[in-house]
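Working notes, beginning with the structure itself.
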Amino acid sequence: ACCGLSEALTPMLFKALCEPRRVGLLARLTQLPQPATVSQIAACCPIDLSVVSRHLAVLRDCGILAAEKRGKEVFYSVRYNELAATLRGMADAIEQCCPNGP
């Protein structure tokens, strides 16, 4: 592993983003003006709520989403700063490792 690249490439992030439905749910959440519940996020897609909830949990577990419980409901929001920092860290590690790529 050169230049910290192995630390920057987080397998959980790639696992989370390799599923097209998760990416679609993430895109949906970015379009909503405020944190949203599973039902509000799922309104875009013909997917069972339990499946949506599992997809959101994967995105939460890798740090892309924040989840805040309010009463009986959980409100999800995108952790934009953390996501950008993670992607920026990956790009920086790649540039350090291979500054004069092919």
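Of the options (i) 17.5; (ii) 13.8; (iii) 14.8, only one is Kirkwood radius over Cα pairs in Å as computed from these coordinates, and that is (iii).
To the nearest 10 degrees, how steep is helix 80-97 against the longest Cα principal axis of the chain, on a 0 to 90 scale? On a 0 to 90 degree scale, this one is about 20. Listed peptides 90-97, 56-63, 25-32 appear in the order 56-63, 25-32, 90-97 once ranked by packing, highest mean of other Cβ atoms within 10 Å at the front. Take every Cα pair under 8 Å whose residues are at least 6 apart in sequence, average their separation, divide by the length of the chain, and the relative contact order is 34 percent.
To put it simply, the accessible area of segment 1-90 at a 1.4 Å probe is 57 percent carbon and sulfur.
The values are calculated or read from the model by the stated rules, or taken from the named source; none is laboratory data. Nothing here was measured: the structure is a model prediction, and the numbers come from that model. All Cβ positions, even for glycine, are placed from backbone atoms using ideal geometry, and neighbour counts span all protein chains on display. SASA here: full protein model, heavy atoms, side chains in, ligands and nucleic acids out. Shrake-Rupley method; radii C 1.70, N 1.55, O 1.52, S 1.80 Å.
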